[in-house]
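The values are calculated or read from the model by the stated rules, or taken from the named source; none is laboratory data. Model, not experiment: these values are computed from the prediction. Accessible surface is based on the protein model in full, side chains and every heavy atom, while ligands, DNA and RNA are left aside. Shrake-Rupley method; radii C 1.70, N 1.55, O 1.52, S 1.80 Å.
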Amino acid sequence: MEISRRGPAEASLVQDGRELLDLVAAEADEAEFAGLLARLEAVLAPQEGPPRIAVTYREGLFEAVLADRPVEVTLIEEDPQDQPPLRVLRRRTEADPAGLETRLAELARRDGGAA
């Protein structure tokens, strides 16, 4: 199944050359509609293997979660020296395969290619 874009605010869900569903922006502007289509495409994309996820933790703070597909992540930090000693963060992130690849490439350059 794939999305075929027909115009700035129109698209179709297509399978085996047949248009199964029309997608039309009701109240979304062009940028919102494009973002929604990108999210739908990520959901419809074939999923091979587990998701790839990168979590940035810097100076005692979780900064970012990047993934190649939409994921929900629970980050648990236990440190008896902190107040409170247990911290739980729940994050939902959208698919950002390009951002993930960029971050991993940065890490590989800094780490001498070990990433």
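Points worth noting:
- Distant-in-sequence amide contacts of R69, defined by a placed amide H-H separation under 5 Å and a gap of 5 or more residues or a different chain, comprise R52, D96.
- Once the Cα atoms are used to define both axes, helix 97-110 deviates from the longest principal axis of the chain by about 30 degrees.
- Computed on the chain, with alpha-carbon pairs under 8 angstrom and 6+ residues apart, the relative contact order is 16 percent.
- Per atom type, the chain shows carbon and sulfur on 50% of its accessible surface, probed at 1.4 Å.
- For the stretch 1-83, accessible area per residue (1.4 Å probe, heavy atoms of protein chains only), Å²: 73
- Residue-averaged [θ]222 nm for the chain, counting only DSSP H segments that reach four residues, each worth -39500 (n - 2.57): -8000 deg cm²/dmol
- Solvent-accessible surface (1.4 angstrom probe) belonging to E72, in square angstrom, nearest 10: 140
- Against the main long axis of the alpha-carbon atoms of the chain, helix 30-44 sits at an angle near 80°.
- Of the two radii for the chain, the radius of gyration is 1.11 times the Kirkwood radius, both from the alpha carbons; that is the Rg over Rh value.
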